[in-house]
1. Taking a ≥ b ≥ c as the square roots of the Cα gyration tensor eigenvalues, with a/c under 1.5 meaning rounded and otherwise prolate when a/b beats b/c, else oblate, which class fits the stretch 284-362?
2. Please tell me the relative contact order of the chain in percent, rounded to the nearest whole number, where contacts are Cα pairs under 8 Å and at least six residues apart.
3. Which is farthest toward the positive dipole end of the stretch 47-286 among Y64, A281, Q255, measuring Cα position about the Cα centre, with Cβ charges +1 (Lys, Arg) and -1 (Asp, Glu)?
4. Find, among the chymotrypsin sites (Phe, Trp or Tyr not before Pro) in the stretch 18-88, those assigned to loop by DSSP (not H, G, I, E, B) with at most 14 other beta-carbon atoms within 10 angstrom.
5. Gain in length, K213 to N287, computed as 0.36 nm per residue apart minus the alpha-carbon separation, to one decimal in nm?
6. Put a dot 7 Å past each Cα toward the Cβ at A109 and Y64; how far apart are the dots in nm?
7. Within 10 Å, count the other beta carbons around each residue, average over each peptide in 285-295, 89-99, 381-391, and list them highest first.
8. Label I35 and Q394 with points 7 Å out from Cα along Cα→Cβ: what is the distance between them in nm?
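Where a number appears in this text, it was derived from the coordinates with a stated rule and is not lab data. Owing to the predicted nature of the structure, the values given are computational and were not obtained by experimental measurement. Because the Cβ atoms are built from the backbone with ideal geometry, glycine has one as well, and the counts that use them run over all protein chains shown.
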Amino acid sequence: MVSRRLKDLEYAIRDITVVANEVRKTGKKIYHLNIGDPVIYDFKTPHYISQALSDATFAGQNFYVDSLGVPELREEVCRYEKSKNDIDIEPDDILITSGVTEGIFFLLAGLLENKSEILVPGPAYPIYINYAKFFDGNPIEYQLDEENDWEPDIDDLRNKITSKTTAILINSPNNPTGVLYDIKKVKEIIDIAGEYNLPIISDEIYDQIVFEKHYDCPATLSEDVPIIGLNGFSKAHLATGWRLGYMYFFDPTSQLQELKGGIEKMARARLCANSIAQYAAIEALKNPGPHTETMVNNLKRRRDYSYKRLRQIEGLNCINANGTFYLFPKIQLGEFKRWKNDKEFVIDLLKETGVCGVYGSGFGSYGKGHFRLTFLPDLKILEEVYDLIEDFLQ
């Protein structure tokens with residue numbers, strides 16, 4: 001006997017790896033462009049951060065810590081957010097989580113039941129869709145308009161608010177499209193949330209991985225609309241495997257107290273996030289090195305090359321990314337009789353070339369007909385990848 005919630009779970013980003021592992025057994029080289037992990041390429045965790053992790057364990061800090069997070073780390077997160085985004089929050093507004101994924105799990109557990117709804121941008125990071133359904137809720141996708149560089153369709157968002165809506169998600173820079181919402185769009189979404197007395201969930205894990213545009217934090221733009229921010233150490237601090245994140249509550253009118261209290265109960269029930277990683281993260285925040293800026297500069301070159309190559313491949317269209325490390329090209333399926341949908345295309349591409357992307361339908365209904373690729377590998381590997389894709393389509 002298996003529950004419905006487990007039967008219905010899908011996570012295309014990792015599910016495609018099962019196929020890739022079978023293809024590898026045939027002797028084919030696999031190009032893993034499906035998982036957004038910079039550390040598996042040439043972006044390495046800075047030595048001083050790793051040293052802090054080592055120092056913490058040898059100092060004996062291997063015990064259970066406060067369920068809400070090590071107090072010193074929560075204080076550093078407050079200072080960090082003030083410096084980075086000019087947000088005024090207190091340590092009691094911070095919850096340290098086992099990655100952003102656990103924060104999403106906590107939030108949707110607290111917000112959804114009995115088919116209540118959360119508005120998520122479509123294409124949507126699949127965890128939001130999965131966990132919403134897991135907790136007997138409905139993820140309602142508001143459109144990111146591909147014809148308008150993947151910017152949110154504000155009219156579509158407003159039209160999808162119902163009496164069952166519990167929150168609006170802003171995921172900017174966005175996974176999978178790479179779009180950084182225009183500040184006017186963010187303000188409009190915040191105004192709509194205030195009009196309907198809804199909180200904003202702001203997924204900010206890519207807030208430092210931006211290129212031409214400037215990142216504007218929703219909590220900085222909000223006067224009285226509550227914002228629940230999600231961030232972590234995986235991407236900008238190059239510590240993906242540490243599984244360390246945090247959630248902050250920007251709650252100027254005290255609308256989130258009951259939700260926050262319930263989530264804190266969940267945090268206590270799961271004991272705590274990784275203790276030695278928390279002590280190491282204190283060092284990472286106190287002494288920020290040049291690694292994030294260096295990574296972003298390298299990523300921009302790789303993005304520029306990837307975008308150029310994708311535009312030159314007949315049968316694909318692509319909107320450029322202004323953040324993250326993803327591109328989300330559209331497959332002109334009408335030009336090919338070989339594939340009925342994006343999943344067939346991605347699996348066929350993987351089997352024939354070893355290039356492992358993620359099928360766009362795994363990111364919800366607005367992702368259909370697309371596929372997601374990271375541009376994390378170095379230029380030599382990317383050149384091999386795009387040569388293979390071009391030959392495959394020809």
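1. It is prolate, given that a/c is not under 1.5 and a/b is the larger ratio.
2. 24 percent
3. It is Y64, whose Cα lies furthest towards the positive end.
4. Sites meeting the loop and neighbour criteria: F63, Y64.
5. The span from K213 to N287 would gain 24.1 nm if fully extended.
6. 1.6 nm
7. Ranking, from highest mean packing down: 89-99, 381-391, 285-295.
8. Between I35 and Q394, the simple spin-label model gives 3.3 nm.
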